[in-house]
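Working notes, structure below.
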Amino acid sequence: MAAYIPVPRDLTRVKSKILFNLTKRQIICFGIAALIGVPSFFLIKSMGSTSLAAMSMIIIMIPMFLLAMYERDGQPLEVIAKHFIETKFIRPKVRPYQTDNYYDVLSRYALAEKEVDIIVCSVQKKKK
């Protein structure tokens, strides 16, 4: 019996793995999470119980894990968060739909030409 290996058709979604089947981004985020979480565990453990220290370490490390692992539609979490913040807080809520009607543009252009002709004619009459 032959073993089949699935090969993705879209090679743009394939990411290069570096170590332990993790990407460079994931390794960096996990490293930062470890640098923040492990010392906090020992600090909280010296003040309280081990279970409290473990739970607080998990809570402290979760944002970095989310940055490393969460991806939606090919976009990482910080890009998704940036788009969310822009749409909810920075950009205006009401975006009126405004069109520039082609016939209205033509009529404004014709009106402007008439005004220019009137001004030119009055200047020529004054010169004579």
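The values are calculated or read from the model by the stated rules, or taken from the named source; none is laboratory data. Remember, it's a predicted structure, so these values are computed and weren't measured experimentally. Counting neighbours? That spans all protein chains shown, and the Cβs are built from the backbone with ideal geometry, glycine included.
The table below gives the values:
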read-out: Residue that is out of contact with any Gly (no Cβ under 8 Å at 6 or more places or on another chain), outside any helix (DSSP H, G or I), more than 28 Å from residue 26 (Cβ to Cβ) and without any contact (Cβ under 8 Å) to a residue 24 or more places away in the chain, where the choices are 120, 105, 94; value: 94
read-out: Whichever residue in the stretch 9-35 is assigned to a loop (DSSP other than H, G, I, E, B) and surrounded by 10 or more Cβ atoms within 10 Å (Cβ to Cβ) and, among such residues, is modelled with the lowest pLDDT; value: 15
read-out: Subset of the stretch 56-92 that is among the β-branched types (Val, Ile, Thr) and surrounded by 10 or more Cβ atoms within 10 Å (Cβ to Cβ) - its residue that is modelled with the lowest pLDDT; value: 87
read-out: Boolean, residue 34 is in contact with a Lys or Arg (Cβ under 6 Å, 6 or more places away or on another chain) and among the small types (Gly, Ala, Ser); value: no
